[in-house]
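A short worksheet on the structure shown next.
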Amino acid sequence: MKKQYTKFNPSEEKYAKITAPVLLIHGDRDVVTPLETVTTELHSYIPNSELVVLEDVNHFPPTEAPEKVTSLIKKHLEKCF
């Protein structure tokens, strides 16, 4: 059985200071890092963040959906520069 992160205790103040645009990519089938526990919290703490949830993807989006992840990163960087 994979270890699941059920408790996430970030320093909200620390993440709130991030000024760079942040892209958070999460697989909807990730049982190791649940969307509600970690990624959604990070997204709420980081002011300029974008959260994308990929369907039918587990814990490793870059290896499970490389084309989609590459496309998302390219679009994100185009918006940033």
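Here are a few things to note about the model shown:
- Footprinting exposure proxy for 18, 25 (fewest neighbouring C-beta atoms within 10 Å first): 18, 25
- With viscosity 0.692 mPa s and temperature 37 °C, the Kirkwood radius over alpha carbon pairs of the chain converts through Stokes-Einstein to a diffusion coefficient of 244 µm²/s.
- Assigned charges on the beta-carbon of Lys, Arg, Asp, Glu; the chain dipole about Cα centre (debye): 240
- Sorted fewest first by neighbouring Cβ atoms within 10 angstrom, 38, 52 come out as 52, 38.
Bear in mind that the values in this text are calculations on the coordinates, not laboratory data. Model, not experiment: these values are computed from the prediction. A quick note on method: Cβ atoms are made from the backbone with ideal geometry, for glycine too, and the neighbour counts reach across all protein chains shown.
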